[in-house]
1. State whether one or more residues within region 274-296 are buried (at least 19 other Cβ atoms within 10 Å of the Cβ), assigned to a helix (DSSP H, G or I) and either of a type outside the set (S, T, N, Q) or free of Cβ contacts under 8 Å to residues at least 40 places away in the same chain (or both).
2. Given (1) more than 21 Å from A301 (Cβ to Cβ); (2) outside any helix (DSSP H, G or I); (3) not β-branched (V, I, T), identify the lone condition not met by N324.
3. Quick check, is V234 among the hydrophobic types (A, V, I, L, M, F, W, C), modelled with pLDDT under 95, in a loop (DSSP other than H, G, I, E, B) and within 27 Å of L442 (Cβ to Cβ)?
4. Checking the structure you have, find out if any residue of region 415-428 is aliphatic (A, V, I, L, M) and assigned to a helix (DSSP H, G or I).
5. Would you check which residues across region 219-251 are among the hydroxyl-bearing types (S, T, Y) and over 33 Å from the mean Cα position of the chain (by Cα) and list them?
6. Within region 431-453, which residues are buried (at least 22 other Cβ atoms within 10 Å of the Cβ) and not in a helix (DSSP H, G or I)?
7. Hey, could you check region 153-180 for residues that are part of a loop (DSSP other than H, G, I, E, B), surrounded by 15 or more Cβ atoms within 10 Å (Cβ to Cβ) and polar (S, T, N, Q) and say which is farthest from the chain's Cα centre (by Cα)?
8. May I ask you to say which residue of V222, V183 is outside any helix (DSSP H, G or I), closer than 30 Å to N324 by Cα and modelled with pLDDT under 95?
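The values are calculated or read from the model by the stated rules, or taken from the named source; none is laboratory data. A quick note: this is a predicted structure, and the numbers were derived from the prediction, not measured. All Cβ positions, even for glycine, are placed from backbone atoms using ideal geometry, and neighbour counts span all protein chains on display.
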Amino acid sequence: MLRVSSRSVTGPTRGHVCFSCLALQSGAQARLRQLHTTPTLFSKHKTARTNKQWNKTTGGLDAKPNRKHDHKTSPQQPDSSSDQPPSSETSAQDGTQATGESSEATDTKDQILAALTKTQRQPPPKKPKKVFPGQGTDKKKDTSGVASSVPKHVVKSIAHKYNGSVNSASQKVEALDVPTAPVPGLSFGLDRVLFNPGVYHLRDPRSRVYNFDPYLGSIMPVTEFDFNTLKDYVTSSKDDALRDVAINAKKKYIGSSSSMTSVLSHFHYLLSSWREIDIRTVSQGFPEKSRNFTRLLRSPAAMFLHYQDGVYAIDADKEFDSANILMNLGKSMEKLLTLPKEEFERYRRSHENKISPEEEENIPESYHYSTYGDFVMRSQLDAYDPRLPGTGMFDLKTRAVVSIRMDAKNFEQGLGYQIKNRFGAYESYEREFYDMIRAAFLKYSLQVRIGRMDGIFVAFHNIERIFGFQYVSLPEMDQALHGQTDTTLGDTEFQLSLGLWNEVLNKATEKYPEQSLRFHFDTRDTLTPCMYIFVEPVTKEEIHAIQNKNKDEIEAYQNRLLNIIPKNEPNSQVIEPKPHDPKPESETEAETKTEPATPEVDPKPKESPAIYDSSLPPDETFNKAPETPEPQGPLLAFVLTAKNIINGKPAARPSNFTSADLWTVDWELSELTNKQSRHLYKQCQIRRERAVADKGEDELDNAANLYLRNLQKLARDGRKYRDEEDKRDKDEGVVVLNGAM
């Protein structure tokens, strides 16, 4: 119907003209308008048949007689005793023109409007989300978003249940007063980086002026650094001083920051309900939008609990460790960043006054010790500046570029990759920072908290050159991990994680007292997050066999690659490195100059490892049984669920958490029967092996590795770019900022 009006459909009838009104004014009967939103109007001459039809259409609503024409009055209830329509009367109230509408028509109109408002159309029900077997806990999802029971596929296998709670007010991490050696500071004037947010370029890309000594621009080749002079890393189980500290403090679990962070990461997944990372610090133009942690970081974590003299020592499980150049390069670069140039040069193998292993052995290590519950935690202290907040301690991190990290064992293909810009998908600090959030920030933040440090000092490099530096404070890391700069949330979660871990270790050691144990922790990214925990007793011989499974291969790879004289073999012949061609290297020369490392690559074709996805149910991720025979020894399996209570109210995860808030975690630890435990444990081991498996060169032919091939192309282009820059420096000279040298 044609309608000209300046009002809304449901507003009062004034200032409008329509054919129905014109018909009523002329005494005609208006037709029933079933397709229009305005109620149908009737004249005073309607018949009983029309009235019956109208009542049928409107659901039996009749008009109340003798009601004033005030369209702003709320509709009244219909009077069912009135069968005949009242006479029509006109109204000019509020300046409205008389339209000849009857009072019955007006009242009926108001009542229908009210009825239509009350009976608005409801949206169709949403289709239920598809749930894989074992991925949920109930048909009806927990409205609080927290765990209420264990997954369905293990409910029938529960043998025992243990319950308890931990809260943020119970206890805090405390530092132990243990004397330690002085901690070095940064060299080369790098302390300026500590007090400047963002990236500090070694060399300004626009003006080409060095902000620091150009000596930092070229990293000492690994073939020239004498790694034999460095002390071996001491694990928790071999640290007698750490064990003595625990005995004096009457604690029974000891661990180092490097051996504890992988397990603590899984407690973060559980308590935060797989909180996504915060990438607001990345520019809007950056193409990567994934907010998940990397596949490797989400993979199951494994550890050993060594028993000795009443103390259990936590060591990382090294069953699938492999060799790569970054294992030793980090040690040499830490020396570079904390020693004067003259002292660092003494580690060069050709130096006339080369440092001896005995002299290096006399340099004491600096450690920080802290405790929580039954834990004593050890953290190695890398660097110190008294001007920083808190203790003034911070960690040193050497971060290789993406082309090296993606295939560290075959790093030759990624040599030459450059960092040229602040922003961009590739060859930028933004790429490195984004990858660091997804792959390393969680581990770094936990190490900082164990050592009660202020942050981390990062040096970005491509094995051959250093590009720049950045100091990332703990609040900045917490912004990316927890969504807030207030470190209270991260600190509280760290303490609650230790509390839950303490409960798990207590239950395991009660089951197998005074025995060494092997643990696997696997938090599942399901609708109801839960953690699978597997415990099996092991002997010292079994631990040694697992920990040294790839030791010979690792040492052989590093010795040949780095030209290291193997320890305890003083008469071994050193493999001399190939002389460098003084001419600018071409692509072919760059790809073949590191041929000594080539024989270590496994020539046999490998199966492409299946992609690990923690969101899949554990019994459907991989159906292929492991090649090794299934163990027949004792096995203990738990399913841990946690319910977060924030200030007395259930919550999926805390947010905007402050020191005034109280966080309580109600936990439930369900022990499973042996049959179901074996099946779940087997799947967990397969997932871990697939996730940490090395990538072979044969995978470069797969479509899925276009990303890696693109990085290798950028590396080849980068080598050409570096040759041009070196030639330009030779022709124009090098400019250094005043005071930088």
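1. Taking every residue of region 274-296 in turn, none turns out to be buried (at least 19 other Cβ atoms within 10 Å of the Cβ), assigned to a helix (DSSP H, G or I) and either of a type outside the set (S, T, N, Q) or free of Cβ contacts under 8 Å to residues at least 40 places away in the same chain (or both).
2. (1)
3. Details: among the hydrophobic types (A, V, I, L, M, F, W, C): yes; modelled with pLDDT under 95: yes; in a loop (DSSP other than H, G, I, E, B): yes; within 27 Å of L442 (Cβ to Cβ): yes.
Yes: the conditions hold for V234.
4. Filtering region 415-428 down to residues aliphatic (A, V, I, L, M) leaves 415, 419, 425.
Retained after the next criterion (residues that are assigned to a helix (DSSP H, G or I)): none.
Checked against the condition, which is being aliphatic (A, V, I, L, M) and assigned to a helix (DSSP H, G or I), region 415-428 yields no hits at all.
5. Looking only at region 219-251, we keep the residues that are among the hydroxyl-bearing types (S, T, Y), and these are 223, 229, 233, 235-237.
Selection gives T223, T229.
6. Correct list: G451, M453.
7. Residues of region 153-180 that are part of a loop (DSSP other than H, G, I, E, B), as a first pass: 156-157, 168-173, 176-180.
Now drop any that are not surrounded by 15 or more Cβ atoms within 10 Å (Cβ to Cβ), which leaves 157, 168, 173, 176, 178.
Subset that is polar (S, T, N, Q): 157, 168.
Numbers: S157: 31, S168: 23 Å.
Filtering first and then ranking leaves S157.
8. Values: V183 fails: modelled with pLDDT under 95.
Exactly one of V222, V183 is outside any helix (DSSP H, G or I), closer than 30 Å to N324 by Cα and modelled with pLDDT under 95, namely V222.
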